1. As I understand it, the value is the acute angle between the Cα axis of helix 2-58 and the longest principal axis of the Cα atoms of the chain; what does it come to in degrees, rounded to 10?
2. Farthest toward the dipole's positive end in segment 113-171, which of LEU135, VAL149, LEU116, given Cβ charges of +1 (Lys, Arg) and -1 (Asp, Glu) about the Cα centre?
3. Taking a 22 Å limit on the Cα-Cα distance, which of the listed pairs LYS38/LYS151; LYS144/LYS168; LYS49/LYS134; LYS96/LYS168 fall beyond it?
4. Roughly how large, in nm² to one decimal, is the mean projection of the convex hull of the alpha-carbon atoms in the chain?
5. Taking the chain as a Gaussian network, Cα atoms linked when under 10 Å apart, which of ARG70, ARG33, ARG131 shows the biggest mean-square fluctuation?
6. Got a number for the accessible area of SER127? Probe 1.4 Å, square angstrom, nearest 10.
7. As a test of the formula, what do you get for the chain when each DSSP H run with n ≥ 4 contributes -39,500 (n - 2.57) and the sum is divided by the residue count, at 222 nm and rounded to the nearest 500 deg cm²/dmol?
8. Report, please, the projected area of segment 103-171 averaged over directions, based on the convex hull of its C-alpha atoms, in nm².
Amino acid sequence: MQNKKGAIEMSMTTIIVMVLGVTLLILGLVFVRFVFDKGTDLAKNAFEKAEGSIDELSQKDKPLVISPDRIEIKKGNSQTVSVLLVNLQEDKATAKAKVSSKSKEDDIICTFEETLDDESESHIVPSGEYRNVKLRVASKDTGKLGDKVCKIVVTGLGESIQDTLSIKVIA
């Protein structure tokens, strides 16, 4: 009779150890996945900012430069984009930018950080120089996934200066 009691005790201990082991393994895997997801997001943002900085340095041959000109944004989040107003004229100019979002569902909000509106402040830009205006792009929680566009129109630096920012909303 004593052998059976020992066998039952041994199997109960084994089952408890196995359950604890599987639980710890699952918790460890969830933690590792969380760390890798955060690392991936950080790396992606760092590369987007680096690409934007390179664009800013290399594309000052146009009166309007959007950097980066293509972004991915998670639903319900926001991101900042640089809008460079470059004066290629011989005299100083007073430049102003206006943005409009092109979305059927009206689920993207594009505003300038300096005014919190769709129109920037007026900027006096000396000849050969530029002004960096920050544009905040926000995706609504209730919005749909997919491709969206913000159209930026600049006045004061020449005729009909406009460009678009391509936005991809992801889950």
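The values are calculated or read from the model by the stated rules, or taken from the named source; none is laboratory data. Model, not experiment: these values are computed from the prediction. With ideal geometry, Cβ positions are generated from the backbone for all residues, glycine too; neighbour counts draw on all protein chains shown. Heavy atoms of the whole protein, side chains included, go into the accessibility calculation; ligands, DNA and RNA do not. Shrake-Rupley method; radii C 1.70, N 1.55, O 1.52, S 1.80 Å.
1. Roughly 10 degrees, rounded to the nearest 10.
2. So the residue furthest toward the plus end is VAL149.
3. Numbers: LYS38/LYS151 31 Å; LYS144/LYS168 10 Å; LYS49/LYS134 13 Å; LYS96/LYS168 26 Å.
LYS38/LYS151; LYS96/LYS168, as the Cα separations exceed 22 Å there.
4. Values: hull surface 55.8 nm².
Mean projected area for the chain: 13.9 nm², to one decimal.
5. Highest fluctuation of the listed residues: ARG33.
6. Accessible area, nearest 10 Å²: 60 Å².
7. Values: 1 runs with 57 residues, N = 171.
The helix-only estimate for the chain comes to -12500 deg cm²/dmol at 222 nm.
8. Hull-based average projected area comes out at 5.5 nm².
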